[in-house]
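The values are calculated or read from the model by the stated rules, or taken from the named source; none is laboratory data. As the structure is a computational prediction, the values presented were derived from the model and not from experiment. We place every Cβ from the backbone using ideal geometry, glycine too, and count neighbours over all the protein chains shown.
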Amino acid sequence: MYDGILWNNKILDCVVLSMVIAQGLKVIISFFKEKKLNFRYFLDTGKMPSSHTASVTSLATAVGILEGLDSVYFAISAVFATVVMFDATGVRRAAGKQAHVLNKIVDNLKKKEGLTLIEENLKELIGHTPMEVFVGAIIGILLSLIILT
């Protein structure tokens, strides 16, 4: 059984490790796609897999294992995980699509009218596809199961 190494808190260890692993996978996946190593992805939002999802599903799984699936703590963490995953695929993804459209409008105004409305483009990859969230969930759940059982 795992004794909690990083912060002497098994649940926090699972959450942080799942987030670090998911963010590290973004760097590795981008390396294979882009054929260059870009450590910026380690701190970036969006892309495969969702580290937010990995962390909250790791939290819910660890709480369920340690406190029981019938505990109020598990109920709170499961609802929290659901909200985060819904937000990642819904609101944040929609905001990213809107940012893409706004960036195109601004670029067109720059070209046609010579206007400079903003200095830099809005960040477009802030949300996740359902597959990115699913993979993040698998990472979080498996990591807590492996560490705590």
Restricting the search to segment 24-59, which residues are surrounded by fewer than 20 Cβ atoms within 10 Å (Cβ to Cβ), at pLDDT 85 or above and under 25 Å from LEU145 (Cα atoms)?
GLY24, VAL27, ILE28, ILE29
Residue that is nearest to THR89 (Cα to Cα), among those in segment 101-124 that are surrounded by 15 or more Cβ atoms within 10 Å (Cβ to Cβ) and modelled with pLDDT under 70:
GLU124
Matching residues in segment 138-149 - criterion: being in contact with a Pro (Cβ under 9 Å, 6 or more places away or on another chain) and surrounded by 22 or more Cβ atoms within 10 Å (Cβ to Cβ)
ILE139
